[in-house]
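Okay, structure first, notes after.
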Amino acid sequence: MRRGIRIFGLLLLLTVSLHAREFVSYVNPLMGTESTYKFSNGNTYPAVAVPWGMNFWSPQTGENRSGWMYTYTDEEIRGFRQTHQPSPWINDYGTFSIMPVSGELKISHKERGARFSHKNEIACPDYYRVAFDNGTVTELSASRTGAIFDIAFASGKKQYLIVDAYHGGCHLDIDKRNCRITGYTKNNRGGVPSNFANYFILEFSHPIKDQGVQVNDDLFPGKLTGEHDRVRAYLRFDVPEGEKLTVRVASSFIGAEQARLNFDREVKGKTLADIRSESAKRWNEMMGRIVVEGGSEEQMATFYSCLYRVLLFPREFYEFDRSGNPVYYSPYDGKIHDGYMYTDNGFWDTFRAVHPLFTLVYPEVSERIMQALINSYEQSGFLPEWASPGHRGCMIGNNSLSLITDAWVKGIQSFDAEKALEAMIHQTQAQGKEASVGRNGFEEYDRLGYVPYPDYVEATAKTLEYAYSDWCLSRFAALTGHDSIAEVYEKKSQNYRNLFDASCGFMRAKNKNGEWIEPFYAVEWGGPFTEGSSWHYTWSVMHDVEGLARLMGGHEQMGIKLDSMFTAPADYRVGTYGFVIHEIAEMVALNMGQYAHGNQPVQHAIYLYNYIGQPWKAQYHVREVLNRLYNPGSKGYCGDEDNGQTSAWYVCSAMGFYPVCPGQPEYVVGAPLFPKVILNLPDNKVFVIDARNNSDKNLYIDSAKLNGKKFTRNYLSYDDISAGGKLFLKMSAEPNLKRGTQLKDFPYSYSMRKNRCE
């Protein structure tokens, strides 16, 4: 492990203490919550949590098992839910909820909802409070594995608390003597062994006066226990007016004994104020590693709301034993292991910016994630690509290879390199039970140099993503002394060329006979592409933008093509989807031509101007996206937020750089949104970006100096930033058409590696 990876020292503490407001106070967890199945403004929910926490808690306005857990336009809350949901499309697992009911006893989630107004709601990362229209007030805060609720019941009404273990197999046991409920729930949407369960314990500050259990649809008043597919319990209390019912809760995926250990360690004897203070401190420490200054109130709120989303996933799926050592239940083999496990992450989304941000600013997290990836491989035979909590059949690619390579080239090398290489190679030469696990179509890809369509759905997208992953594997193999392996995968990294049609300038699909699939429409979604069209996937050659430019006829022609992406009509064909999926509707709503920022495949494309000597165009479009497509409100995103990726684009771009090609230790320069950015990095290093004269009009970089020396490059190296220093930018209202135009200023491309001595 690199020296100082866990020590950030007095500089960070000083920076945080001198900041005018706590960073957590800028965050609006309701950002992006006004979403539906048909149109996403983020598809988020207001998670009360700690960074990377094992459990989150959220108010629930939707029905049980609905992926749309909290929708801003809903008028009732049905419960407060312990959740592990990374996306509404993936849904939840191991979830249960509690709900205070005043007056008449109502147990079902379809009946017990209480009306509320957003004016009586406070949502923060470390705290949530709602005053229901019926007079009951609920507050909560969360720790890693637990939470504490304070409930002030409406005056003069009966007081009930519902504990809902959902359906999918569960057990509840009421211990009146100790004012406690214990139980487990097994609900999930796949990706778990048969012995999976979430074990929980709840303790109450006041005596339980009466109780009952509902098993499926049958109610049993007075009953103390229930076990079946669906079980709920009701408890009646008699809390004196002026007092609050305090509910302390914790859980474990390991077992009931571990749940008790988690309870005792995190919530026993503590108040809601105690754990809120602990949570806020943790959030401020993590957010304080990135300090932005000089922005408007809305920009500050948007930035830290996005950073909050970045720091939620992947989930720490490990716990601590009595000696304080990490231990976890494996969602792959169902056994208990020592060490680290992370889950609830789709690398198709997050390899792009989330993990390259972690390697720079939160390397200790990346280090543990790398160890978890190797653990996943050893327990399941594959690296995860979309885990929740185990392997899930979602999306495409071998982007776990990107994570491993990017960590390695940035000095995070404490994991077993030989085992990692074994896992990476296996990932490209085998297919798991789910199409997204391993490499779908690997035999044809190796034989033909592409994945044929229609033999394989999303074939062209898979080919492009495999080529990038092969470049990652080649680089990792070379850096770990396996030159022969590196040569094989280096050659395969050029397979993207096989699907470029020079006659139209787009990536296309071929059948197994090498013939282009006809007819071809660049605006047609689906088929050989994933949640996009050729307009979006043609740019997916992150490792060799120069090679792509040459296929297009050179830098000037590629520039024209990029320009046209923003000016072309927002036309579309629904293709094999057969209807307007939400990503199509979102692209049309943006009014930015064929640029579809609401989905991940094209989010790096703006930065490609830096590879062809036109960096001012990247600066213009980055600022357009930052200003137009994000805000801290309930409609804050222009599509799915996706595990922090769409937020990470904002965080990186607002700082002034973006990791176009993870695996290459570079961050491509855009233009910062804020006049000043301070990165508090490991080893007490501080990197400052001073964007003098920055404003809505002065969005172009006129000149730059790095540590006092003239700086013309269109990229910052990882070492430039991690070593600490200062980047001074003189901003202007007019673009500098001469800066960043020379080949030596361009970011890395495979086809230019000899020019760059790499």
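So what's the angle, to the nearest 10 degrees on a 0 to 90 scale, between helix 400-409 and the longest Cα principal axis of the chain?
Relative to the chain, helix 400-409 is tipped by roughly 70 degrees.
Keeping all protein chains in place, calculate the accessible area per residue for the range 535-603 (probe 1.4 angstrom), answer in Å².
Working: 2270 Å² over 69 residues.
With all protein chains present, the range 535-603 gives 33 Å² per residue.
Over the range 284-405, give the accessible area per residue in Å² for a 1.4 Å probe, as an integer.
On the way: 2540 Å² over 122 residues.
So the range 284-405 comes to 21 Å² accessible per residue, rounded to a whole number.
If each residue of separation counts as 0.36 nm, what is the full-extension length gain between Asp416 and Asp333 once their alpha-carbon separation is subtracted? Mind dumping the intermediate values first?
Numbers: separation 83, 0.36 × 83 = 29.88 nm, distance 2.05 nm.
Result for the pair: 27.8 nm of gain on full extension.
Any idea how far apart Ser564 and Ala273 come out in nm if each label point goes 7 Å out from Cα toward Cβ?
It works out to 6.5 nm between the two label points.
If each Cα of the range 704-758 is one equal point scatterer, what is log10 of I(q)/I(0) from the Debye formula at q = 0.13, 0.24, 0.27, 0.29 Å⁻¹?
-0.39, -1.07, -1.17, -1.21
Give the calculated FRET efficiency between Asn178 and Asp133 to the nearest 0.05, with a Förster radius of 35 Å applied to their Cβ-Cβ distance. Could you put the intermediate results ahead of the total?
Numbers: r = 34 Å, r/R0 = 0.96.
So the FRET efficiency works out to roughly 0.55.
Which lysines does Lys635 reach when only Cα atoms under 26 Å apart count, and residues fewer than 8 places away in its own chain are ignored?
Reachable lysines: Lys38, Lys119, Lys697.
Under 20 Å from the 7 Å Cα→Cβ point of Thr36, by amide nitrogen: which residues of the range 625-652?
633-641
What do you get for the angle between helix 645-655 and the principal long axis of the chain? Use alpha-carbon atoms, 0 to 90 degrees, nearest ten.
Here the helix axis deviates by roughly 60 degrees.
Calculate how steeply helix 615-628 sits against the longest principal axis of the alpha-carbon atoms of the chain, using the helix alpha-carbon long axis, and give the answer as 0 to 90 degrees to the nearest 10.
The two axes meet at around 20 degrees.
Quick one: net charge of Tyr637's neighbours, Cβ under 11 Å, K/R +1, D/E -1? Numbers along the way, then the final one.
Numbers: positive: Arg309, Lys635; negative: Glu34, Glu586, Asp640, Glu641, Asp642.
Surrounding charge for Tyr637 is -3.
If you put +1 on each Lys and Arg Cβ and -1 on each Asp and Glu Cβ, how big is the dipole of the chain around its Cα centre, in Debye rounded to 20?
Values: 80 positive and 87 negative charges, 278 e Å.
With Lys and Arg at +1 and Asp and Glu at -1, about 1340 debye.
Could you give the size of the charge dipole of the range 370-503 about its Cα centre, using +1 on the Cβ of each K and R and -1 on the Cβ of each D and E, expressed in debye and rounded to the nearest 20? All intermediate terms of the calculation are to be shown ahead of the outcome.
Details: 11 positive and 18 negative charges, 34 e Å.
That gives the range 370-503 a dipole magnitude of about 160 debye.
Would you mind getting me the FRET efficiency between Asn693 and Ser323? Use the beta-carbon distance for r and R0 = 51 Å, nearest 0.05. Kindly include the intermediate steps, with their values, before the conclusion.
On the way: r = 56 Å, r/R0 = 1.09.
For R0 = 51 Å, the calculated efficiency reads 0.35.
For the range 327-392 and the range 224-276, compute the distance between their C-alpha centroids and round to whole Å.
29
Just to confirm a number: summing +1 for Lys and Arg and -1 for Asp and Glu over residues other than Gly190 whose beta-carbon lies under 15 angstrom from that of Gly190, what do you get?
Working: positive: Arg65, Lys186, Arg189, Arg392, Lys433; negative: Asp92, Asp344, Glu385, Glu434.
Result for the neighbourhood of Gly190: +1.
Where the convex hull is taken over the Cα atoms of the range 597-747, what is its projected area averaged over directions, in nm²? Display every interim value, and only then the final one.
Values: hull surface 35.8 nm².
Average of the hull's projected areas for the range 597-747 equals 8.9 nm².
Could you give the nm distance between label points at Arg260 and Lys709, where each point is 7 Å from its Cα heading toward the beta carbon?
Output for this residue pair reads 6.3 nm.
Provide the net charge surrounding Ile374, with neighbours chosen by a C-beta distance below 12 Å and charges set as Lys +1, Arg +1, Asp -1, Glu -1. Each step should come with its number before you reach the end.
Working: positive: Arg368, Lys419; negative: Glu367, Glu378, Asp416, Glu418, Glu422.
Taking every other residue near Ile374 into account, the sum is -3.
Considering only protein heavy atoms, what per residue accessible area in square angstrom results for the range 26-168 with a 1.4 angstrom probe? Present the calculation step by step, with values, prior to reporting the outcome.
Numbers: 3910 Å² over 143 residues.
The answer is 27 Å² per residue.
Mind checking the full-extension length gain between Asn684 and Ala502? Use 0.36 nm per residue of separation minus the Cα-Cα distance, one decimal, nm.
On the way: separation 182, 0.36 × 182 = 65.52 nm, distance 5.02 nm.
Gain in length upon complete extension: 60.5 nm.
Tell me the Kirkwood radius of the chain: reciprocal of the mean inverse pair distance over distinct alpha-carbon atoms, in Å. Mind showing how you got there, number by number?
Values: mean 1/r = 0.0374 Å⁻¹.
The answer is 26.7 Å.
Test of understanding: extend the Cα→C-beta vector of Val588 to 7 Å, then name every residue of the range 556-572 with backbone N under 13 Å from that spot.
Zone members listed by number: 570-572.
What length, rounded to one decimal in nm, is gained on full extension from Leu743 through to Ser484, with 0.36 nm per residue of separation minus their alpha-carbon distance? Before the final figure, lay out each step's value.
Values: separation 259, 0.36 × 259 = 93.24 nm, distance 3.01 nm.
Difference between extended and current length: 90.2 nm.
Quick one: with all protein chains in place, what share of the accessible area of the chain is carbon or sulfur, to the nearest percent (1.4 Å probe)? Numbers along the way, then the final one.
Values: 12360 of 25660 Å².
About 48 percent, which is the carbon plus sulfur part of the accessible surface.
Once the dipole of the chain is set up with Lys and Arg at +1 and Asp and Glu at -1 on Cβ about the Cα centre, which of Gln742, Pro601, Asn216 lies farthest towards its positive end?
The residue sitting farthest along the positive end of the dipole is Gln742.
The values are calculated or read from the model by the stated rules, or taken from the named source; none is laboratory data. Here the structure is a predicted model, which is why all the values come from computation and not from measurement. For neighbour counting, all protein chains shown are included, and Cβ atoms are generated from backbone atoms with ideal geometry for every residue, glycine included. Accessible surface areas use protein heavy atoms only, side chains included; no ligands, DNA or RNA. Shrake-Rupley method; radii C 1.70, N 1.55, O 1.52, S 1.80 Å.
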